[in-house]
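Asker: Mind looking over this structure? Questions follow.
All of the numbers you see were taken from the coordinates with simple rules; none came from a lab. The model shown is predicted, which means the values in this text are computed figures rather than measured ones. All Cβ positions, even for glycine, are placed from backbone atoms using ideal geometry, and neighbour counts span all protein chains on display.
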Amino acid sequence: MTLQSVRAEIAKACQAAVRAPESVTLVAVSKSQPISAIEAALQEGQRVFGENKVQEAETKFPALRKKYPDIELHCIGYLQTNKVKMAVGIFDVIETVDRTSLAEALAIEMKRQHRFLPCFVQVNTGEEPQKGGIAPRDLPALLYVCRDAGLRIEGLMCIPPVDEDADTHFSLLAKLADEVGLAKLSMGMSADFMTAIRYGTTHVRVGSAIFGERNF
Ligand SMILES: *Cc1c(COP(=O)(O)O)cnc(C)c1O
């Protein structure tokens with residue numbers, strides 16, 4: 001696929017779900033991609049990107065922003081507390097708030113830098129021990145801490161287990177967001193973004209379907 005075909009698929013899924021195509025934001029996941037691939041997407045009008053490592057984002061994006069100041073960069077990877085300062089400086093949206101210590105560190109750093117970034121809470125819908133994200137039952141308590149700290153939580157994000165049907169996880173995340181009164185959802189990747197649109201997602205995070213396979 002390419003950026004054009006991913007956009008066409010999103011439009012098709014929106015039509016099938018009787019949703020406006022603008023109700024879905026495509027986050028182009030550019031992790032491990034070279035600057036040249038990101039520039040090509042920028043030339044095709046893409047502005048929203050996702051990176052999972054603070055250091056990598058820091059080496060690639062400041063130069064691109066000089067040319068394209070309206071880039072919106074999302075942090076979609078596990079965020080270490082000692083990287084919060086750099087993360088608040090480089091990202092525009094943090095999708096991976098998943099614990100109270102991180103929420104508190106982000107709130108402090110955002111006040112310090114006067115950059116009040118919108119955030120998502122990552123939910124570990126599959127309760128996988130090796131994966132980031134808060135367990136569904138602990139979500140209300142984490143949201144309380146976030147609000148108390150003054151963090152702008154706008155939605156929920158999840159990465160379903162690779163070996164399971166994504167439907168269950170998308171439907172659970174949508175239900176949780178509804179229960180806690182959050183309007184945005186970040187779910188769906190290359191293999192299942194069409195499904196996520198059916199479950200009402202507002203953000204899809206698509207990498208390999210746009211840029212091709214990654215060489216790790
Ligand atoms: C890599 C990654 C994606 C994109 O995955 P693809 O399968 O390449 O579309 C989406 N979300 C997160 C959190 C990722 O780390």
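Asker: Which pairs, out of 67/111; 12/67; 60/175; 31/67, put more than 30 Å between their alpha-carbon atoms?
Answerer: The answer is 12/67; 60/175.
Asker: Additional query: Starting at the first residue of region 174-186, write each ³J(HN,Hα) from the Karplus equation 6.51 cos²θ - 1.76 cosθ + 1.60 with θ = phi - 60°, in whole Hz, x for Gly and Pro.
Answerer: Listing the rounded values in order: 4, 5, 4, 4, 4, 4, 9, x, 10, 8, 9, 9, 10 Hz.
Asker: Looking at the chain, which longest stretch skips every one of the GluC sites (Glu not before Pro) that is in a DSSP loop with at most 16 other Cβ atoms within 10 Å, leaving the sites themselves out?
Answerer: 45-126
Asker: Quick one: putting +1 on the C-beta of Lys and Arg, -1 on the C-beta of Asp and Glu, what dipole do you get for the chain around its Cα centre, in Debye to the nearest 20?
Answerer: Dipole of the chain, to the nearest 20 debye: 720 debye.
Asker: Under a 5 Å amide H to amide H cut-off, with H placed in plane at 1.01 Å, what residues pair with residue 134 once short-range neighbours are removed?
Answerer: Long-range HN contacts for residue 134: 122, 123, 124.
Asker: Per residue of the chain, what 222 nm ellipticity follows from adding -39500 (n - 2.57) for every DSSP H run with n ≥ 4, rounded to the nearest 500?
Answerer: -13000 deg cm²/dmol, from helical runs alone.
Asker: Of 14, 106, 26, which is farthest on the positive side of the dipole of region 11-132, counting Cα position, with +1 on Lys and Arg Cβ, -1 on Asp and Glu Cβ, and the Cα centre as origin?
Answerer: Comparing the listed Cα positions along the dipole, 106 ranks first.
Asker: So for the chain, Kirkwood radius off the Cα pairs, Stokes-Einstein at 37 °C and 0.692 mPa s: how many µm² s⁻¹?
Answerer: 188
Asker: May I pose another question? Work out from phi, with θ = phi - 60° and the Karplus expression 6.51 cos²θ - 1.76 cosθ + 1.60, the ³J(HN,Hα) of each residue of region 95-107, listed in order in whole Hz, and give x for Gly and Pro.
Answerer: Rounded to whole hertz, the list is 9, 10, 6, 9, 7, 5, 4, 5, 4, 5, 5, 5, 4.
Asker: Using the number of other C-beta atoms within 10 angstrom as an exposure proxy, rank 110, 187, 157 with the fewest first.
Answerer: 110, 157, 187
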